[in-house]
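This report concerns only the one structure given below.
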């Protein structure tokens, strides 16, 4: 566990899933944790703002309040993103909403906090292995995750010497503590499905001084699932159309 005593951390989508675990772990490390989400968090943090980050007015009001209340930001964790539709069942508005949530909001929060990041500040973007591989009919989410990977290295170049910017692409993370099958676990080289803590640990590392030589990177954390080539009849896997 790293020490982040009195560090100011802003987390989007921090009320559930991976974002919730990130928030709880930072709280344990004595950071001042700020959450923005459309649902109330289960525990109390240093500040919670209820709002939809696809709305420019929400982002502007939220950032203004945080700057006035805390004066500076040490770490911005752009975690929020949802959207399971694609080309077969989503239209203009659905696709646009997911891009606003997963790409536009991280860009705007980075911009709104630009002059208020502390020395040695970091931005951590949460992408997904779906930026690089897909199931059918997932264009909304996959495009947003591809976008935030590209946004990461672009921001890292623009903010060089001021803020380090990195990205994490989780693979299959069990956010519901499910009773998963042997087959589910065996798809991974480490022989288990990921846990939210696997991502939270990486976020803390990338925010810490231990990662001071890392910026502009996307780190895939998927237990090796995306590295193993799959062939018909390999390891008992059969294609049955």
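The values are calculated or read from the model by the stated rules, or taken from the named source; none is laboratory data. Because the structure is a prediction, the values reported are computed rather than measured. A quick note on method: Cβ atoms are made from the backbone with ideal geometry, for glycine too, and the neighbour counts reach across all protein chains shown.
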Answer residue from the stretch 36-50, given it is touching a helix residue (DSSP H, G or I) at 6+ places or on another chain (Cβ under 8 Å) and farther than 14 Å from residue 80 by Cβ and is surrounded by the most Cβ atoms within 10 Å (Cβ to Cβ) among those: 45
Residue satisfying condition, being more than 22 Å from residue 112 (Cβ to Cβ), touching a strand residue (DSSP E or B) at 6+ places or on another chain (Cβ under 8 Å) and surrounded by 22 or more Cβ atoms within 10 Å (Cβ to Cβ), within set 53, 18: 18
Residue within the stretch 176-191 that is within 14 Å of the chain's Cα centre (by Cα), closer than 30 Å to residue 85 by Cα and crowded, with 19+ Cβ neighbours inside 10 Å present: no
Residue in the stretch 68-102 that is surrounded by the fewest Cβ atoms within 10 Å (Cβ to Cβ), counting only those that are over 16 Å from residue 35 (Cβ atoms) and in contact with a strand residue (DSSP E or B) (Cβ under 9 Å, 6 or more places away or on another chain): 71
Number of the condition not met by residue 213 [criteria: (1) assigned to a loop (DSSP other than H, G, I, E, B); (2) in contact (Cβ under 8 Å) with a residue 12 or more places away in the chain]: (2)
Yes/no for residue 33 being at pLDDT 95 or above, in contact with a helix residue (DSSP H, G or I) (Cβ under 8 Å, 6 or more places away or on another chain) and farther than 12 Å from residue 11 by Cα: no
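Results for (1) at negative phi; (2) free of Cβ contacts under 8 Å to residues at least 40 places away in the same chain; (3) assigned to a loop (DSSP other than H, G, I, E, B); (4) touching a strand residue (DSSP E or B) at 6+ places or on another chain (Cβ under 9 Å), shown as yes or no for each residue.
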| position | (1), (2), (3), (4) |
| --- | --- |
| 135 | yes, yes, yes, no |
| 147 | yes, no, no, no |
| 152 | yes, no, no, yes |
| 164 | yes, no, no, yes |
| 178 | yes, yes, yes, no |
Residues located in the stretch 216-241, provided they are in a loop (DSSP other than H, G, I, E, B), modelled with pLDDT of 95 or more and buried (at least 17 other Cβ atoms within 10 Å of the Cβ): 222, 223
Filter pass, residue 39 being touching a strand residue (DSSP E or B) at 6+ places or on another chain (Cβ under 6 Å) and touching a residue at least 24 places away in the same chain (Cβ under 8 Å): no
